[in-house]
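**Q** Starting off with a structure, shown below.
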């Protein structure tokens, strides 16, 4: 017996003969990382193998006497190919297949092509396919190639190959099967080729494969991608057999395109619901702004013993809590994550930071952030944005510089967060420095969003002429975001002339969102009592079919989120709430509060204006909060629009009269009202 394991085999190819002698033990070269013991089980003619020590396998002794060995066959190579060799040994195997005249074996060629594709070597795979020795490659090889190309982004090759297949006739003719149709239709979904998809669907029906489960699923998914939900539902209804993917594909289509009522109907019909179907519903509600229903579905999901929420679901529900300001529910979800032992990945940690920050607990967000062992750009960006939203611009800058010290490179969103923090804190010079150096220091070219933040910073600080000069000199054409930022500043500083200049620019834009400027200018005219111009703006908005979004506020009481709209009549306790609000306004008047009606954009008498601002959504939410909580309890409210000046004054007075801390998150920032003062210092 002689030990060969210590030798380093440096042969570049396999050699086989009718007998196996010491020099011919070249089955495993040092380049191939295979498990030889596993491979040896498939060779009846080899009792032992030798392995090179560099493969970290133990040495095995073999007899020095020759051992009879069969010639290699397709099965021999298939066993090796099943080990998924790297490119160099794969090419060696390919060479042996050619020299042994096995290239016409369809299964072996399919395995070779598959291995080349796994090695990201599409050219070699295509050469094998194109030079198949028979009159035409069998359907199995066509399917392997079409499937591989269908997984590539922006590739038309699956459709080109399919069309090439259809042109073959005579002895070269190849008939597509159910796998072909499945892969081609899937490719149409990826490549946004609805016309080809419809043509292939017609061929499916003509070929009799419409009842095939996998083909049907791919057709449903294709129509769902293109928002052709009626067609998708028709295919679904005609399927004789359905699996969970059939249901989930249709469900996902409804959810993706905002048809959540139909999604709910389908969900209730599902015979079996898995993690994916629950996740689709929750993310669908989140995507169309129905946050309360997303949380309701999550609670129902927890009652289903057959499913468990995964990371994606938890991120979705934390985002829903963030949008609603549902701190109690968000805190419970955090406890749930810790209880069931889910690893706090970067996505979950970032979602927790975002949730706590948007629910007004920046201290909790900081604790989560500080507890992350290895912080990445996502966690830093979320923390910076949260601090900025709370008006803590200097703290946002501190975390930003900490990020740089930890060698974490910022991205575009990080810079936006920093600039927002500077804007809400009036840090003009710091913001100017960030914008001026972001490309040279961090390789991020300023985009129009960054200029929008910077113009907002200058405008809030009163540098209107400087802001206008930036608009004129920036390297891209200003869009609606830029003009609205400048128009908002002109409204804050009552600069009507600048506002009129800006609205003329907005009128020239093709953006469908240009009405936002008209609303701002209308409010500016109203604050100055120029009602004839308000009427003109209102008429222009009607002509352009544009209108302002209605105010809406949310408040969480005992784990339930309550929604209020302007002059709300729908809440079941609205009578008690209105009575409470009247009581509040009376108490406020005793300390000198009077309604600020400057922003009422209708030509009403003063009493009517006071009545109009009295029923704003945040006032109704505050009244409900005061009557539903114990004295001294902190009240949190989320508002979808910027808080008006009257509500801001009223909330300061309420915090003083009732001795409550009130936290309001509006579209602009957080406001913390304590004993008659606001954290924004009346700068928002």
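The values are calculated or read from the model by the stated rules, or taken from the named source; none is laboratory data. Being a predicted model, the structure only gives us computed values, none of them experimental. Here the Cβ is made from the backbone with ideal geometry for all residues, glycine too, and neighbour counts use every protein chain on show.
**Q** Would you be able to tell me the number of residues in the range 466-506 that are modelled with pLDDT of 90 or more and closer than 24 Å to residue 530 by Cα?
**A** Final tally of qualifying residues: 0.
**Q** Restricting attention to the range 312-345, which residues are over 22 Å from residue 289 (Cα atoms) and assigned to a loop (DSSP other than H, G, I, E, B)?
**A** Listed by number, the residues that qualify are 340, 341, 342, 343, 344, 345.
**Q** Does the range 535-556 hold any residues that are modelled with pLDDT of 70 or more and crowded, with 16+ Cβ neighbours inside 10 Å, and which are they?
**A** Across the range 535-556, the qualifying residues are 551, 552, 553, 554, 555, 556.
**Q** To continue, here is another question. Quick one: which of 303, 288 is modelled with pLDDT under 95 and within 22 Å of residue 562 (Cα to Cα)?
**A** Unique residue meeting the criteria: 288.
**Q** From the list 326, 320, which residue is closer than 26 Å to residue 625 by Cβ, outside the structural domain of residue 664 (by TED's automatic domain parsing) and at pLDDT 95 or above?
**A** Within the list 326, 320, the selection yields 320.
**Q** Please go through the range 400-426 and give me each residue that is over 21 Å from residue 369 (Cβ atoms) and not in a helix (DSSP H, G or I), ordered by number.
**A** Hit for the range 400-426 is 426, nothing else.
**Q** Turning to a different aspect of this structure: Would you pick out the residues in the range 78-88 that are crowded, with 20+ Cβ neighbours inside 10 Å and either out of contact with any helix residue (DSSP H, G or I) (no Cβ under 8 Å at 6 or more places or on another chain) or modelled with pLDDT under 75 (or both)?
**A** Residue satisfying the conditions is 80 alone.
**Q** For the range 639-662, name all the residues that are at pLDDT below 95, under 33 Å from the mean Cα position of the chain (by Cα) and not in a loop (DSSP other than H, G, I, E, B).
**A** 639
**Q** So, one more: With 165, 152, 145 as the choices, which residue is surrounded by 14 or more Cβ atoms within 10 Å (Cβ to Cβ) and not in a helix (DSSP H, G or I)?
**A** After ruling out the rest, the residue left standing is 152.
**Q** Taking the condition exposed (fewer than 13 other Cβ atoms within 10 Å of the Cβ) and either in contact with a strand residue (DSSP E or B) (Cβ under 7 Å, 6 or more places away or on another chain) or assigned to a helix (DSSP H, G or I) (or both), does residue 158 pass?
**A** Criteria not met by residue 158.
**Q** Which condition number in (1) at pLDDT 95 or above; (2) closer than 26 Å to residue 148 by Cβ; (3) surrounded by fewer than 22 Cβ atoms within 10 Å (Cβ to Cβ) is the one that residue 209 fails?
**A** (1)
**Q** Another question, if that's okay. Can you tell me how many residues in the range 438-493 are over 21 Å from residue 388 (Cβ atoms), within 26 Å of the chain's Cα centre (by Cα) and in a loop (DSSP other than H, G, I, E, B)?
**A** 3
**Q** Confirm whether residue 376 is surrounded by fewer than 20 Cβ atoms within 10 Å (Cβ to Cβ) and either under 20 Å from residue 672 (Cβ atoms) or touching a helix residue (DSSP H, G or I) at 6+ places or on another chain (Cβ under 7 Å) (or both).
**A** The answer is yes for residue 376.
**Q** With the requirement that a residue be out of contact with any helix residue (DSSP H, G or I) (no Cβ under 8 Å at 6 or more places or on another chain) and farther than 16 Å from residue 684 by Cβ, what does the range 634-654 give you?
**A** Answer for the range 634-654, where residues must be out of contact with any helix residue (DSSP H, G or I) (no Cβ under 8 Å at 6 or more places or on another chain) and farther than 16 Å from residue 684 by Cβ: just 634.
**Q** For the range 663-678, name all the residues that are at negative phi, in a loop (DSSP other than H, G, I, E, B) and surrounded by fewer than 18 Cβ atoms within 10 Å (Cβ to Cβ).
**A** 667
**Q** Take residue 408 and tell me if it is in contact with a helix residue (DSSP H, G or I) (Cβ under 9 Å, 6 or more places away or on another chain), surrounded by fewer than 20 Cβ atoms within 10 Å (Cβ to Cβ) and farther than 18 Å from residue 668 by Cα.
**A** Judged against the criteria, residue 408 is a match.
**Q** Out of all the residues in the range 598-613, is one or more out of contact with any strand residue (DSSP E or B) (no Cβ under 9 Å at 6 or more places or on another chain), at pLDDT 80 or above and in the same structural domain as residue 657 (by TED's automatic domain parsing)?
**A** no
**Q** A further question on this structure: Filter the range 665-684 down to the residues that are closer than 19 Å to residue 596 by Cα and in contact (Cβ under 8 Å) with a residue 12 or more places away in the chain and list them by number.
**A** 666, 671, 673, 676, 677, 678, 680, 682, 683, 684
**Q** Can you name the helices (runs of 4 or more DSSP H) wholly within the range 73-137 that have at least 3 residues being under 36 Å from the mean Cα position of the chain (by Cα)?
**A** 106-118, 122-130
**Q** Restricting attention to helices (runs of 4 or more DSSP H) lying wholly within the range 214-290, give those where 1 or more residues are under 17 Å from residue 313 (Cβ atoms) and within 22 Å of the chain's Cα centre (by Cα).
**A** Qualifying helices (runs of 4 or more DSSP H): 244-256, 260-269, 275-287.
**Q** Looking at 253, 216 in this structure, which one is crowded, with 18+ Cβ neighbours inside 10 Å, free of Cβ contacts under 8 Å to residues at least 40 places away in the same chain and closer than 27 Å to residue 175 by Cα?
**A** 216
**Q** If you take the residues in the range 222-234 that are touching a helix residue (DSSP H, G or I) at 6+ places or on another chain (Cβ under 7 Å) and surrounded by fewer than 22 Cβ atoms within 10 Å (Cβ to Cβ), which one is farthest from residue 279 (Cα to Cα)?
**A** Per the stated criteria, the residue is 231.
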